[in-house]
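Here is the structure we will look at.
The values are calculated or read from the model by the stated rules, or taken from the named source; none is laboratory data. Note that the structure is predicted; figures quoted are calculated from it, not measured. Reconstructed Cβ throughout: ideal geometry from the backbone, glycine too, with neighbour counts over all protein chains shown. Side chains included, ligands, DNA and RNA excluded: accessible areas come from the protein's heavy atoms. Shrake-Rupley method; radii C 1.70, N 1.55, O 1.52, S 1.80 Å.
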Amino acid sequence: MHRRTALGGALTALATAAAGVLVAAAVSTAPAAAAAGGTGTGYLHTSGNKIVDSTGATVRLTGINWFGMETDNKTFHGLWSSNPWRSQLDTMARLGYNTLRIPYSNDALKSGATATGINDFVNPDLIGLSPLQILDKVIDYAGSKGMRVILDRHRPTSAGQSPLWYTSTVSEATWINDWKMLAQRYAGNTTVIGADLHNEPHAEGTNPAATGACWGCGDTARDWRLAAERAGNAILGVQPNWLIFVEGVSCPSGGLSNVWDNDPSNDEDCGWWGGNLSKAGQFPVRLNVANRLVYSPHEYATSVYRQAWFDDPSYPANMPAIWDKYWGYLYKQNIAPIMMGEFGTTLQDPKDKIWLQNLMAYTGTGVNGMSFTYWSWNPNSGDTGGIANDDWTTINQPKQDILTPYLIPPTGGGGTTSPSPTGTPNTSPAPTTPPPPVTGGCTATYKQINSWAGGFQGELTVKNTGTAAVNPWSATWTWPSGVTLASGWNATVTQSGTTVTAAGPAWASSLAPGASVTVGFTANGTAATPGSVKLNGTAC
C-alpha cells in the first residue's frame, strides 16, 4: 500500500508514536515449528493454479498484512498500543488469518537499524532488539500458532515507494543481496514460505517517454518481468523451497497515457499499482526451480481511488470481467496460483461493501479458492483503515463479517478458541457462580518468555484432558507474596491476594476436550512459576 493508482495517488498517512531508542541485542532465532492443518505441512510449492504442501495437499493462504517495518519506525506499528504484540497475533489467528504478510524496507535491514514506537511497559521482551530481531520473534510466535509468513520488500527506503525495484540510492544489487540474506536467515524455517519481491511496481513518465516499470517491454532497466526473474532465481539459488510472489505493474508500457496528443497508440488500459498482470500470460516469469511462482495482484476500492469501473451503470456486474482481464485469467486458465497480496477499503462508501462482497465471492470458497492477504491489520492505514480498531484490540466487525466465510484458520499451535462474534476484547467479567468441574483432568505447562529488573513475562498453557467441554472455563494459580499482575491477555486475568484467575471471555468461554488455551501475562516482582494450577477447581 502507501499508494497508489495508475493515475497517481497520495501516500498513505501513517501515524507514528514516539518511543525510546532501542539498542541491538543478540536473540535466539531457532526455526518455528512447521505449520500444520490450515496451512499445510512443510514447505509449499505450486501445482497448476494451486498452492500445495509437502504432502501434495491443497493449501489456501487466507492472511493479513501487518505493516510498519517499511516505515521510519522500522518495526510493526501498534507496538505502541496497550495490546501486547503476542496478543495481537493471537487475535489474528483466532479470527482465521493463517498467513502474515510483513512489509519491510531495506533501511530496516541495515546494520545498526533502530526500531522505534514500542511501548516498553507492554512489550518488555522487545527492549533492546533490532528490527530483524523483532522480526525473528514475530515469525517464531506466528509459527507456533500454525501461521505462515510472507516477507514483502515494500520500499527501498522508509521514505516511500518507488516505481522501479531500485533507486539512485538503493541498487538492484542491494535489493537482491538483501533478499538472499533473508533467505539464508530463515533457511530451514518452514514458517517463512516466500518472498514478495517488490511492492507495487508502477508507471512513471508520460508515453511515449515512459520511465516506470513495464511488463514484457524488454528494457532490462524497466522490465519488471525480467527483474523478477533475476531476483527470484537469485533467491532460489539460496533457498529453493521458497515461493516467489510476483506482483503486476499498473500500465504494461511503464508510462502514463497521454490523452492530449490524439495518438491512440500511446493510450492503454491501466490498473492499480501492482495490479495489472494482463501481459503475464504472454510474457510469463521464468524461474529456474519449477513450481515456485505465485502471481500476486493488488486490488482496491473507492476509498483508495475512484476508478471508472466503479461508476459503470452495470456495477458490480462488470467487475468479474475486469478481474479476469487483469489477473483472474491466470488462475482460471490453470497457469499459476493467485495470491492477492493486498486489497482493502474503509467501507465508508456503500459501493465498497458491494465491491468487497463480490471480490471475495470471485476468489471462491473453501480450500480451492484463490489465496489472499487482506490490507491490513493496522487501523492507521489512511485510505483503508484496518481489521483492528484504533485501540489495536477490538475488531472492525463489518469487515470481518464479510471475510470470515473465506478464512481458513491456522492449526498446529496456540489457543484453540474461536473468533469473536462481537469484536470485543477479552474484558468479560469472571463468572459470578462456581464454574462446572472438569470431567477428567487437565495439564498445565508454563514458559517464561522474558525477565527484567523488577518484572517478567510468561505464558501458561492449560489443556482440558477430560472427556467433556468446560464451559465456562476458568484457570487459577498462585504466586509468591510480592508478585503482582501487570497485564494479561487471551483471558480476563485478575489477582486477589496471591491467587490469580484467568477467566474465559464470553466469545471463547468453552474449552473442548483435548483443547488448550495459552494465557499470557506480565508481572511485577521476582520471576516465579505459577503454582497450584487448577482448571475449574481441578488440579492440573
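Any residue at all in segment 327-335 that's of a type outside the set (Lys, Arg) and under 30 Å from Gly68 (Cα atoms)? Yes. Within segment 196-212, being surrounded by fewer than 24 Cβ atoms within 10 Å (Cβ to Cβ) and either in contact with a strand residue (DSSP E or B) (Cβ under 6 Å, 6 or more places away or on another chain) or polar (S, T, N, Q) (or both) holds for Thr206, Asn207, Thr211. Take the residues in segment 96-118 that are touching a residue at least 12 places away in the same chain (Cβ under 8 Å), farther than 29 Å from Thr62 by Cβ and of a type in the set (S, T, N, Q); name whichever of them is surrounded by the most Cβ atoms within 10 Å (Cβ to Cβ). Applying the filter and picking the extreme gives Thr116. Take the residues in segment 294-325 that are modelled with pLDDT of 95 or more, over 20 Å from His154 (Cβ atoms) and of a type in the set (S, T, N, Q); name whichever of them is most open to solvent (accessible area, probe 1.4 Å). For segment 294-325, the residue satisfying everything is Ser314.
What do you reckon, is Ile322 assigned to a helix (DSSP H, G or I) and of a type in the set (Val, Ile, Thr)? Yes: the conditions hold for Ile322. Looking across segment 485-515, just one residue is part of a strand (DSSP E or B), open to solvent by 20 Å² or more (accessible area, probe 1.4 Å), of a type in the set (Gly, Ala, Ser) and over 19 Å from Ser82 (Cα atoms), and that is Ser496.
Taking the criterion of being open to solvent by less than 10 Å² (accessible area, probe 1.4 Å) and either at positive phi or out of contact with any strand residue (DSSP E or B) (no Cβ under 9 Å at 6 or more places or on another chain) (or both), the only residue of segment 145-164 that qualifies is Gly146. Among the candidates Thr174, Thr167, the residue that is modelled with pLDDT of 95 or more, open to solvent by 20 Å² or more (accessible area, probe 1.4 Å), under 15 Å from Ser105 (Cβ atoms) and outside any helix (DSSP H, G or I) is uniquely Thr167. Evaluated against (1) of a type outside the set (Asp, Glu); (2) open to solvent by 10 Å² or more (accessible area, probe 1.4 Å); (3) touching a Leu at 6+ places or on another chain (Cβ under 8 Å), Phe245 falls short on exactly one condition, (2). Only one residue in Val438, Val470 is open to solvent by less than 10 Å² (accessible area, probe 1.4 Å), more than 28 Å from the chain's Cα centre (by Cα), over 22 Å from Val122 (Cα atoms) and at pLDDT below 90. Which one? When all the criteria are applied, what remains is Val470.
Within segment 337-352, the set of residues being under 22 Å from the mean Cα position of the chain (by Cα) and not acidic (Asp, Glu) comprises Pro337, Ile338, Met339, Met340, Gly341, Phe343, Gly344, Thr345, Thr346, Leu347. What do you reckon, is Trp215 surrounded by 24 or more Cβ atoms within 10 Å (Cβ to Cβ), among the aromatic types (Phe, Trp, Tyr), within 26 Å of Ser47 (Cβ to Cβ) and touching a helix residue (DSSP H, G or I) at 6+ places or on another chain (Cβ under 7 Å)? Taking the combined requirement at face value, the residue satisfies it.
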